[in-house]
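Working notes, structure below.
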């Protein structure tokens with residue numbers, strides 16, 4: 001009987017250990033030290049830049065190297081900023097993002113895979129929902145490191161995520177004859193705080 005109790009106790013201890021190892025760590029956005037921006041070619045001769053000021057990012061991972069991470073991003077179309085109010089209002093309108101009908105955009109990753117022979121680069125595949133259209137896209141993420149914040153003593157990780165989407169695939173704006181390229185480069189410089 002004593003032996004059975006010992007075996008049972010060991011089994012429960014192993015189960016508890018397994019549960020602890022599998023617990024997810026949550027990382028949330030430090031918006032004051034992050035930026036979500038985009039670049040599109042204008043008239044084929046210059047880069048036109050903008051950003052979104054209102055967005056949330058959450059990353060969950062069970063592994064310290066983030067190789068099983070999941071990223072969820074939600075952004076507010078009405079927070080678009082191109083440093084020109086008239087242009088911003090045009091982009092929010094029906095000709096482009098149609099913020100009244102589609103006020104949010106989201107990205108949810110499906111895989112976060114470490115690139116072979118790289119210590120800090122990942123291939124991120126996920127679904128982008130924009131302008132009422134959902135399509136799979138691929139991004140690159142570079143982990144710039146993790147430190148302990150000197151003020152609040154919380155762990156902070158830095159990531160740069162980048163990729164290219166085709167706005168026409170999502171029904172945003174006209175074709176390339178509108179003066180804007182179809183390809184849009186997206187860059188997210190993120191500081192994420194461990195909860």
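The values are calculated or read from the model by the stated rules, or taken from the named source; none is laboratory data. Treat the numbers as computed from the prediction; the structure is a model and nothing was measured. Positions of Cβ are generated from backbone atoms using ideal geometry, with glycine treated the same way; all protein chains shown enter the neighbour counts.
Number of residues in segment 143-158 that are touching a helix residue (DSSP H, G or I) at 6+ places or on another chain (Cβ under 9 Å) and farther than 15 Å from residue 122 by Cα equals 1. Flag: residue 70 does not match the condition of being touching a strand residue (DSSP E or B) at 6+ places or on another chain (Cβ under 8 Å) and closer than 26 Å to residue 47 by Cα. When each of 101, 160, 110 is tested for being touching a residue at least 12 places away in the same chain (Cβ under 8 Å) and surrounded by 12 or more Cβ atoms within 10 Å (Cβ to Cβ), the lone residue that passes is 160. Residues in segment 126-135 that are closer than 17 Å to residue 187 by Cα and either exposed (fewer than 15 other Cβ atoms within 10 Å of the Cβ) or in contact with a helix residue (DSSP H, G or I) (Cβ under 7 Å, 6 or more places away or on another chain) (or both): 127, 130.
For (1) at pLDDT 95 or above; (2) touching a helix residue (DSSP H, G or I) at 6+ places or on another chain (Cβ under 8 Å); (3) assigned to a loop (DSSP other than H, G, I, E, B), each residue gets a yes or a no:
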| residue | (1), (2), (3) |
| --- | --- |
| 4 | no, no, no |
| 8 | no, no, no |
| 39 | yes, no, no |
| 48 | no, no, no |
| 64 | no, no, yes |
| 88 | yes, no, no |
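Residue 83 meets the conditions (1) surrounded by 14 or more Cβ atoms within 10 Å (Cβ to Cβ); (2) on the phi > 0 side of the Ramachandran plot in every case but one. The failed one is (1).
On the stretch given as segment 176-191, residues that are in contact with a strand residue (DSSP E or B) (Cβ under 8 Å, 6 or more places away or on another chain) and more than 16 Å from residue 53 (Cα to Cα) total 8.
Taking the condition touching a residue at least 60 places away in the same chain (Cβ under 8 Å), touching a strand residue (DSSP E or B) at 6+ places or on another chain (Cβ under 7 Å) and surrounded by fewer than 16 Cβ atoms within 10 Å (Cβ to Cβ), does residue 195 pass? Answer is yes for this residue.
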